[in-house]
Structure formats: structure tokens, C-alpha cells
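Just below is one structure, and these are the notes that go with it.
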Amino acid sequence: MKRPRKKAYRPKPVSNSSWHDAFTKRQTLDDDQQTDLSVAYRLAFQQMVSGHADEENWCVVVLSLNIALVLAEWGLGGEYIDRINDALEGAFRAKIRAGRTGKWGFDGEAIQAIKDVFEIHEEQLKLASKYEITSSLIEVHRRADAGHVFTEEAA
């Protein structure tokens, strides 16, 4: 004689997540997604150049530069790491200057360096998978939380 079950039998759902995970790890951004990302940081950059910027605009630009740096460190444009660092140094100069003057803007050298890195970053976005882009964003936040950011002493 069998004992009666206390709970109804509910088999665990079968997940195709391993296939889905493998597929999405290789899937790249479509053209609209690439455009959306590019527009966001290019608009913030334009605000910085036009003199109508605030710290949020600066943060958007710096976030895109940091994502470009992480992707380069991971092999997507590793030969451009020095150029990306130059752009980040220019962005940091703008932060220091904003602390003194209250106005957010880039100097001429930073403007050119950041424009160059944006071109590099747009190529990275064409080549990187969604997984790599998401992982790079997580890595940027991890580094910031750990205190790995530019400081006046480091400049």
C-alpha cells in the first residue's frame, strides 16, 4: 500500500536557457540598438561642447569612454587603450575645471580625443555581443564601486 502524497507532484520546468544563453552571448546589437546608444552619448557630448552641459552629461560621456576601455582591455580594440585613456584624462580635466568654475565643458584636446574614441566605440558596438556589452557595463560599475576612478593625484 502506497502512502498518500502530501504535495502534488510538479515536475520542474525544462529550460532551454543553456541554448538561449549561448545564443545571446554571441548575438550582437541590431542597428537600432547601436543607434540608440550612440545618440545618447553623442547628445551628451554635444551638450558638453556647446556649453549647456551639467554633470549628468559628463557622466554619460565618461560612461561610454569607460565601456570602450573595458571592451578594449577584453580584446575589442586593445591597440586603442592609450587613446581611450587620453580621452578619459581629458574628461577628468573637465571635471576638475567644473569643480573650480561650475561650468561643464571639454578643452580642445579632450574634444578631439573623445571624438576619436567615439568612432572606435561605435566599431566596438558593431562587433561586441550583447553579453559583452552588458558585462562591460557591469565591470565599469564594479570598478567605480571599488574606487578605481581617476583622482587629482593620479592625473
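The values are calculated or read from the model by the stated rules, or taken from the named source; none is laboratory data. For clarity, every value in this text was computed on a predicted model and none was experimentally measured. Because the Cβ atoms are built from the backbone with ideal geometry, glycine has one as well, and the counts that use them run over all protein chains shown. All accessible areas refer to the heavy atoms of the entire protein, side chains included, with ligands and DNA or RNA removed. Shrake-Rupley method; radii C 1.70, N 1.55, O 1.52, S 1.80 Å.
Given the criteria exposed (fewer than 14 other Cβ atoms within 10 Å of the Cβ), among the charged types (D, E, K, R), within 19 Å of Leu29 (Cα to Cα) and out of contact with any strand residue (DSSP E or B) (no Cβ under 7 Å at 6 or more places or on another chain), does Glu109 qualify? Reasoning before the result, please.
Working: exposed (fewer than 14 other Cβ atoms within 10 Å of the Cβ): yes; among the charged types (D, E, K, R): yes; within 19 Å of Leu29 (Cα to Cα): no; out of contact with any strand residue (DSSP E or B) (no Cβ under 7 Å at 6 or more places or on another chain): yes.
When the stated conditions are applied, Glu109 does not pass them.
Among the residues of the stretch 138-155, which ones are open to solvent by less than 30 Å² (accessible area, probe 1.4 Å) and not in a helix (DSSP H, G or I)?
none
With respect to Trp104, is the statement that it is surrounded by 15 or more Cβ atoms within 10 Å (Cβ to Cβ), of a type in the set (Phe, Trp, Tyr), under 15 Å from the mean Cα position of the chain (by Cα) and on the phi < 0 side of the Ramachandran plot true? Lay out the reasoning, then the answer.
Values: surrounded by 15 or more Cβ atoms within 10 Å (Cβ to Cβ): yes; of a type in the set (Phe, Trp, Tyr): yes; under 15 Å from the mean Cα position of the chain (by Cα): no; on the phi < 0 side of the Ramachandran plot: yes.
Considered against the rule, which asks whether it is surrounded by 15 or more Cβ atoms within 10 Å (Cβ to Cβ), of a type in the set (Phe, Trp, Tyr), under 15 Å from the mean Cα position of the chain (by Cα) and on the phi < 0 side of the Ramachandran plot, Trp104 comes out as no.
Of all residues in the stretch 45-75, how many are surrounded by fewer than 21 Cβ atoms within 10 Å (Cβ to Cβ) and aliphatic (A, V, I, L, M)?
Summing the residues that are surrounded by fewer than 21 Cβ atoms within 10 Å (Cβ to Cβ) and aliphatic (A, V, I, L, M) in the stretch 45-75 gives 3.
Out of all the residues in the stretch 48-55, is one or more of a type in the set (Val, Ile, Thr), in contact with a Leu (Cβ under 9 Å, 6 or more places away or on another chain) and modelled with pLDDT of 95 or more?
Within the stretch 48-55, none of the residues are of a type in the set (Val, Ile, Thr), in contact with a Leu (Cβ under 9 Å, 6 or more places away or on another chain) and modelled with pLDDT of 95 or more.
Go through (1) touching a Ser or Thr at 6+ places or on another chain (Cβ under 8 Å); (2) modelled with pLDDT under 95 and name the single condition Gln34 misses.
(1)
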